[in-house]
């Protein structure tokens, strides 16, 4: 004697189960993408290298650029505010980058400026070109603005 078993499923339960499974699959895909190793070659160095010098012109690729030691400045225009980017160089490398005329208004309106500048100064000790500076996280645009001002200031410092 065989007994027939009937399973009764409500359509709401099926829909909820399908949505839950879809969300789990999306969550797993997001986790895999977040934690997988980035194997793309972006041209960055695998470890810190000794800073040799920084080319003044973005496209030169010359790492033996010589500078007239001193302090050079370039304007950085932020909306209606103008900020001076001060670049200090010795005969073969950039030693420091700082801001002049950094008021409380600029600090409040552009909070990423100081952290971007600290990041640039840190990277300058390990790279051989201003073009090798890698913007970090939220401050990509801010870092690029500062790098452009550094390059403008270095145009005055290059010894021909």
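The values are calculated or read from the model by the stated rules, or taken from the named source; none is laboratory data. In this text the structure is predicted, and so the values were computed from the model without any measurement. Note that each Cβ is placed from the backbone with ideal geometry, even for glycine, and that neighbours are counted across all protein chains shown.
Spot the failing condition for residue 102; the list is (1) under 16 Å from residue 127 (Cβ atoms); (2) at pLDDT below 85, and only one is missed. Failed condition: (1).
Residue count for region 145-160, restricted to those that are at pLDDT below 85 and within 15 Å of residue 87 (Cα to Cα): 3.
Kindly establish whether residue 142 is in a helix (DSSP H, G or I), in contact with a helix residue (DSSP H, G or I) (Cβ under 6 Å, 6 or more places away or on another chain) and at pLDDT 85 or above. So residue 142 passes the test. Selection of region 134-158 for residues being over 20 Å from the mean Cα position of the chain (by Cα) and surrounded by fewer than 14 Cβ atoms within 10 Å (Cβ to Cβ) yields only 155.
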